[in-house]
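Here the structure comes first, spelled out in structure tokens, and everything after it is commentary.
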Amino acid sequence: MAACWVGLIFAVRPNNIIPIYVVSALIGVMGFLLLPVGLELGCEVLRNAEVSSAALWMAGNLWTLVFVLASDPLRGKEEPHSMRNTIILIACFVAASSLLVFKLTGRQARRELDVEKSREANNIIAL
């Protein structure tokens, strides 16, 4: 995902619409695929699906607000519709976030509970 955002920095040029569409489609597909993974990881870490889902959606909306508010001052002065600096900001944020994923670990408490219940059920059947 970070590579696509960095690639988008270089893809945005006049009369270069096809690479922009390709990179945007890749970002969209990857974001669509990562959404359920993130929500499931949140459920595993907090062990409460409703709270973790609501907290993650709220955090996503807050980050959207931050980026929308930060994008206006970053708009290019020489070109009135240039959003290159905003794309650079988002690419840096996504790249830094991608590196943090390697440090993120979650204890799979629900899976451990399911395995324990399965062993208990097998012991009862064996008796």
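Write out the GluC sites (Glu not before Pro) in the stretch 23-105 meeting two conditions: DSSP loop, and at most 14 other Cβ atoms within 10 Å of their Cβ.
Of the GluC sites (Glu not before Pro), the ones in loops of the stretch 23-105 whose Cβ has at most 14 other Cβ atoms within 10 Å are Glu78.
Could you calculate the contour length gain from Ile18 to Asp114, that is, 0.36 nm times the residue separation minus the distance between their Cα atoms, to one decimal place in nm?
Going from the current span to full extension adds 29.8 nm.
Where only protein heavy atoms count, and the probe is 1.4 Å, what is the accessible area per residue for the chain in Å²?
Value for the chain: 77 Å² per residue.
Rounded to the nearest percent, how much of the accessible area of the chain (1.4 Å probe, protein heavy atoms only) is carbon and sulfur?
Reported share for carbon and sulfur atoms: 69 percent.
Given the convex hull of the Cα atoms of the chain, what is a quarter of its surface area in nm²?
Quarter of the Cα hull surface area: 10.6 nm².
Can you compute the charge dipole magnitude of the chain about its Cα centre, using +1 on each Lys and Arg Cβ and -1 on each Asp and Glu Cβ, nothing else charged? Give it in debye, rounded to the nearest 20.
For this selection, approximately 220 debye.
With angles folded into 0 to 90 degrees, how steeply does helix 49-71 sit against the dominant principal axis of the chain? Use alpha carbons for both and round to 10.
Relative to the chain, helix 49-71 is tipped by roughly 10 degrees.
The values are calculated or read from the model by the stated rules, or taken from the named source; none is laboratory data. Everything quoted here is computed from the prediction, not taken from an experiment. Virtual Cβ from ideal backbone geometry, glycine too; neighbours counted across all protein chains shown. These accessible areas exclude ligands, DNA and RNA; they are computed on the full protein's heavy atoms, side chains included. Shrake-Rupley method; radii C 1.70, N 1.55, O 1.52, S 1.80 Å.
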